[in-house]
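Beneath this line is the structure, given in structure tokens, with notes to follow.
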Amino acid sequence: MPSMDIHRNDTVQVLTGADRGKRGRVLRAIPDKGTVLVEHVRMVKKTVSSKTGQRTQGGIAEHESPINVSNVALVCPNCGPTRVGHKKQGDTRVRVCKKCGSELPTKK
Ligand SMILES: [Zn+2]
């Protein structure tokens, strides 16, 4: 199974596109597709049509759409958007900031 350096609940900054520069929390990581869902990033409007015979109102719903992980950077608490490195800590592999070397723990 492919793994990604960006996990759920990470804070990331968008590097490309209309939402460039925006920061948000990762709502969902989808390693199979190499994409993440970032809060308030790449919002798309979806028209919800009312079905005939039903009393539901048609309208527009907004929701996030997935963005490729290569288009976002993990935000280090010390130095901002950064690339992710790794180091071994006992039996576990931890993520570290490539700029300042501080650990970037996965938030539960
Ligand atoms: Zn750092």
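Structure data summary
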| item | result |
| --- | --- |
| ³J(HN,Hα) computed for each position of region 9-18 - Karplus, 6.51 cos²θ - 1.76 cosθ + 1.60, integer Hz, glycine/proline x | 6, 5, 9, 10, 10, 7, 9, 9, x, 5 |
| Average accessible surface area per residue within the chain, 1.4 Å rolling probe, Å² | 69 Å² |
| Unsatisfied cross-links (Cα-Cα over 27 Å) in the set Lys33/Lys87; Lys45/Lys98; Lys45/Lys107; Lys22/Lys98; Lys46/Lys108; Lys22/Lys107 | Lys45/Lys98; Lys45/Lys107; Lys46/Lys108 |
| Selection from Gly21, His40, Ala73 lying farthest towards where the dipole of region 11-76 points positive, charges on Cβ | His40 |
| Accessible area of the chain belonging to carbon and sulfur atoms, whole % at 1.4 Å probe | 49 percent |
| Table column - 3J(HN,Hα) (Hz), region 64-73, Karplus curve with 6.51, -1.76, 1.60, x for Gly and Pro | 6, 10, x, 10, 5, 4, 6, 9, 10, 10 |
| Net charge contributed by nearby residues that have their C-beta within less than 9 Å of Asn9 (K/R +1, D/E -1) | +3 |
| Amide H partners (placed H, <5 Å) of Lys99, local residues excluded | Arg83 |
| Solvent-accessible surface ranking, highest first, for Arg28, Arg83 at 1.4 angstrom | Arg83, Arg28 |
| Calculated FRET value between Val48 and Ala18, using beta carbons and R₀ = 25 Å, to 0.05 | 0.65 |
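The values are calculated or read from the model by the stated rules, or taken from the named source; none is laboratory data. These numbers were taken from a predicted model, which means no experiment stands behind them. For neighbour counting, all protein chains shown are included, and Cβ atoms are generated from backbone atoms with ideal geometry for every residue, glycine included. Surface areas here come from the heavy atoms of the whole protein model, side chains and all, with no ligands, DNA or RNA. Shrake-Rupley method; radii C 1.70, N 1.55, O 1.52, S 1.80 Å.
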